[in-house]
Amino acid sequence: MEITVRIAGEAGQGIQSIGRIICRAIKRHGWNLFADQDYMSRIRGGNNSFRIRISDTPCLAPREKTDILIALNRESVAIHEGTVRKKGLIVADEATDDVTATTLRYFNVPIGALAKASGGKSLYENSVVCGVITGLLHLDPDAVVNVLKDMFGKKGEETGDKNITAFREGNRYTRDNYFSDAFHLGRRQYGDGIVINGNEAVALGAVHAGCKFYSAYPMSPSTGIMASIARFAKRFGIVVEQAEDEIAAINMVIGASYAGVRAMTGTSGGGFALMGEGVSLAAMTETPLVVVDVQRPAPATGFPTRTEQADLDLLIHAGHGEFARVIYAPGTAEEAFSLTVKAFDIAEKYQIPVFIMSDQHLADSYRNVTLPDVGALSRQRHVIPTNGQSVHPYKRYALTGSGISPRAVPSWIDDVIYADSDEHTEEGHITEDARIRTLMVQKRFTMRMNLLSKEMTPPSASSLSRTEIVLVGFGSTCGVMQEACGSVSGMNVGYIHLPQVWPFPAEEVRTLLEDAPEAKIVSFENNAAGQLARLLRRETGIACCDSILKYDGRPFTVDEVVATVKERYSSL
Amino acid sequence: MNEHDFESGDEIAWCPGCGDFGILSALKDALVQLGRTPRNVLLVSGIGQAAKLPHYMNCNCFNGLHGRALPVATGAKIANKDLTVIVTTGDGDCYGEGGNHFIHAIRRNCDITVVVHDNQIYGLTKGQASPTTEPGYVTKVQLSGTVLEPLHPLETAIALGCGFVARGFSGDMHHLAGLMAAGVRHKGFALIDVLQPCVSFNHKNTFAWYRERVYRIEEDTEYDPADKTYAYRMAAEWSDKIPVGIIYRAARPTYEEKTGIDGMPPLNQHEIDTIDIETIVTEYA
Ligand SMILES: Cc1ncc(C[n+]2csc(CCOP(=O)(O)OP(=O)(O)O)c2C)c(N)n1
Ligand code: SF4
Ligand SMILES: [Mg+2]
């Protein structure tokens, strides 16, 4: 059983809130879901849509076709009608659409009129729409009311009540006027877990990891991280500061980290470009730093609200000079959560910048997930403990031979701590000595790259033996690769997903590919250059025979990938 | 504690006779007056001659990037509200490269003290015009004389609502130390712009030039640092008379008070291994 519902309308019509309510309701009815958003960089007008794929098997990616289109304006019918299956349904408001007769294909609901009757405001139209969807899918209205209460609870009793009335009206109207049972989902069992998107997963990971300071400058599609952490800030004693620009944000985070807290910043490509010098500062001063880059299509302002994976090269090379860094590329919300926790651990343990590379598709897409067991994720502090220990004289950049200089926090020890962006002595004072320079470079770069090779987050892969084609991807393409590989009939297609791209897991990838010596290796990326293919070749010598690339700002769908693989490789 | 306790022994790389020496002595003096201990003081700087100062003191030091001292100081103060955070910066560092941070750090009003070594020139890069260079001043880059109007940091700070605006003179160390101590005691962002002769590249605003003009503002019979109109007039006075002292003073709630930081233990002392996100996770069920 599988149904895709698409809610479409203009910006400002509340599509996202309808979508989020329905997602949570569906999860509570025991179904799996994957919901992605296609929205424009505007506050009013245009055409936005929220697409929810619902299934009894796990959903990891979007599908092309729509079963139910909920068109909140006339334009949405015109734009999305083509995606609606033959036996699909288009729901529209009779007041705003020419489609007047309810048939098997069209269902006209007086959405505006029902909303007005419930509370006098068009504001309640969203709740009417939730009621309509609940009716069409045969969800339990009381269960959905609970979702509404959970989400509107804080907005005050009256608004809550009126929303519930509007919801019930929409549901009642649907049950009375739409007689087909075509989209009957009903309840399976109570669904455990939660419904979150990638940005929320990063925020939860940061809170769990003990992030005490988050500073950022608003930039789509990363702002959701700041908003999510801000929501919990008071309860967890976290300070969230909107900086005057990204340069300030990263420098504030470095200052806070130097002073002993776990701190993070987040941005998108343009803001990350501004942070470059700060990244280098963190490396030189050996200050732990965690930065999230939620990628969007570039160059320059690009597509503010759409998706791309073209910052891979930027992140590998960001910041002038040579130093060790780690780049994670989570593929799912679960990975975004656990890799954020790990990012804080690794940044502190090795006193380096760690980047989490997300993108709009991961950041804004919702899924039902169960977060990984937090007990397995380390939150150990890697600093000389508090309380005025006698470490005298303290050398911040001591050459210990291990590649790590024990890090102290100002005022926690009885000596003072010098951190310096110039090349420096072991004590942290400016020097131009050639021998010290060489040793410091080795410590910051080569020695730590060696240590980091033992902290690798390994790739995940399907069973590769007897595969003819192996897709290799990173980040948000994980789900669609995984699903598409299982769906290409008549061919044996496998995948490798890289949740860590730097240091590159060269050994791990080579070992995996030993199982498929004959397979054609194809890189799978949301960019135009095939940046991963180039990286793979540079780091392993393995050349991809082809790349499946998409750079129109939209994510891959399962159907599209299956079709491309068949078309390109079935005759091989 | 005495002044020697604040000495680092690192070799000083300034030109002999530079106005920076007076600022260094005054800062040690101020910290002694304040009864601070080195381990509880953090000096943050950017890049420039001024920004080298923290190396010459026995205090915690973060010598970061050109122009970026203020955000680093902000982050450190937020992480540990108990640190005495002092920024030592130059006119280029603070008003040029870091100009945006200067504006917003004043608005933010964290409890930090900012000492600007204002030599009206880029010293470290060998003498180009800075945001406070006087119009017409000739350098190897500004061959026909500086064209841009100078920035007026004290008037700007007053206009932005800065609660402590002062001007010092590195040739009057004792007075300067008093200003620094008052700046540190002030709760909130404190700006001390210090007239600092650069003996190598600023041939106009020399020690002698300043000595002829500088007077202590407290000696003015109308002195009233609470009066904004008076403060603007004094901040703008740049003629044959240049006032030094606290020009404007007003109590304003600090960032730490407004955000609740003051009401909690320092953020860097929060236990993290006991954080339990279960309650917020269930909000997404
Ligand atoms: C990003 C960046 N740009 C330029 C420089 C070069 N630079 C170093 S110090 C400086 C100007 C210093 O002037 P000021 O802040 O007035 O300090 P002074 O040396 O006069 O004390 C410049 C332009 C740099 N280090 N970093
Ligand atoms: S160049 Fe000027 S500011 Fe720099 S040390 Fe020499 S005299 Fe001082
Ligand atoms: Mg200067």
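The values are calculated or read from the model by the stated rules, or taken from the named source; none is laboratory data. The structure displayed is predicted, hence computed values, not measured ones. FYI the Cβ positions are ideal-geometry reconstructions off the backbone, even for glycines, and counts take in every protein chain you see. With ligands, DNA and RNA removed, areas are computed over all heavy atoms of the protein, side chains included. Shrake-Rupley method; radii C 1.70, N 1.55, O 1.52, S 1.80 Å.
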#### Entry: Over the range B:130-250, relative contact order from alpha-carbon pairs under 8 Å, at least 6 apart, %
28
#### Entry: Farthest positive-ward along chain A dipole, Cα basis, beta-carbon charges - from A:VAL561, A:TYR366, A:THR511
A:TYR366
### Nitroxide proxy distance, nm - points 7 Å out along Cα→Cβ at B:GLU7 and B:ARG107
4.4
### Query
Once the dipole of chain A is set up with Lys and Arg at +1 and Asp and Glu at -1 on Cβ about the Cα centre, which of A:VAL145, A:MET481, A:MET357 lies farthest towards its positive end?
A:VAL145
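Chain A: longest stretch without exposed trypsin sites (Lys or Arg not before Pro) (DSSP loop, at most 16 other Cβ within 10 Å), sites themselves excluded?
Longest run free of exposed loop sites: A:189-465.
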### Query
If ligands, DNA and RNA are left out, what is the accessible area of A:TYR418 with a 1.4 Å probe, given in Å² to the nearest 10?
20
### Task
Enter the angle in degrees (range 0 to 90, nearest 10) between the Cα long axis of helix A:157-177 and the first principal axis of the Cα atoms of chain A, meaning the one along which they spread out most.
50
### Query
Roughly how much of A:LEU362 is accessible, in Å² to the nearest 10, using a 1.4 Å probe?
20
#### Entry: Antiparallel bridge percentage (DSSP; both residues within the range A:2-192; nearest 5)
55
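Please list B:TYR137, B:TYR210, A:TYR190 in order of solvent-accessible area, largest first, computed with a 1.4 Å probe with all protein chains present. Let's see the in-between values first.
Numbers: B:TYR137 40, B:TYR210 0, A:TYR190 120 Å².
Greatest to least solvent exposure: A:TYR190, B:TYR137, B:TYR210.
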### Where B:VAL147, B:VAL244 fall by accessible area, highest first, once all protein chains stay in place (1.4 Å)
B:VAL147, B:VAL244
### Task
Could you run the Karplus curve 6.51 cos²θ - 1.76 cosθ + 1.60 with θ = phi - 60° over the range B:145-160 and give me ³J(HN,Hα) per residue in whole Hz, x for Gly and Pro?
x, 4, 8, 5, 5, x, 7, 10, x, 6, 5, 4, 5, 5, 4, 7
### Message
With a 1.4 Å probe and all protein chains kept in place, how do A:HIS317, B:HIS270 rank by accessible area, largest first?
### Response
A:HIS317, B:HIS270
#### Entry: A:GLU423 accessible area, 1.4 Å probe, all protein chains in place, Å² to nearest 10
30
### Summary
Measuring from the longest principal axis of the C-alpha atoms of chain A, the long axis of helix A:558-569 (C-alpha) lies at a number of degrees, nearest 10, equal to 70
### Query
Pairing the Cα long axis of helix A:223-236 with the longest principal axis of chain A, what angle in degrees results, from 0 to 90 and rounded to the nearest 10?
80
### Summary
Here FRET efficiency (C-beta to C-beta, A:ARG175 to A:THR301, R₀ 30 Å, nearest 0.05) is 0.05
### Message
I'd like the GluC sites (Glu not before Pro) in the range B:1-90 restricted to DSSP loop residues with at most 11 other Cβ atoms within 10 Å, sorted by number.
### Response
B:GLU11
### Query
Just from its helices, what would the mean residue ellipticity at 222 nm be for chain A, if runs of 4 or more DSSP H residues each count -39500 (n - 2.57) and the sum is divided by every residue, rounded to the nearest 500 deg cm²/dmol?
-11000 deg cm²/dmol
### Query
Around A:GLN500, which amide H atoms from residues at least 5 apart in sequence, or from another chain, sit under 5 Å from its own amide H, with H modelled in the peptide plane?
A:ALA329
### Where GluC sites (Glu not before Pro) fall in DSSP loop in the range A:301-407, at most 13 other Cβ within 10 Å
A:GLU322
### Message
Let me make sure I get this right: for the range A:196-376, a, b and c are the square roots of the gyration tensor eigenvalues over alpha carbons, sorted descending. Under 1.5 in a/c it's rounded, otherwise prolate if a/b > b/c, else oblate. Which is it?
### Response
rounded
### Task
May I ask you to evaluate 6.51 cos²θ - 1.76 cosθ + 1.60, the Karplus curve with θ = phi - 60°, for each residue of the range A:500-515 and list the ³J(HN,Hα) values in order in whole Hz, giving x for glycine and proline?
10, 10, 8, x, 6, x, 4, 4, 4, 5, 4, 4, 4, 6, 4, 6
### Query
Long-range amide H contacts for B:GLY123: which residues qualify at under 5 Å (H placed 1.01 Å from N, peptide plane, sequence gap of 5 or more or a different chain)?
B:GLN49
#### Entry: Among beta bridges that DSSP assigns inside the protein assembly as shown, antiparallel share in %, nearest 5
30
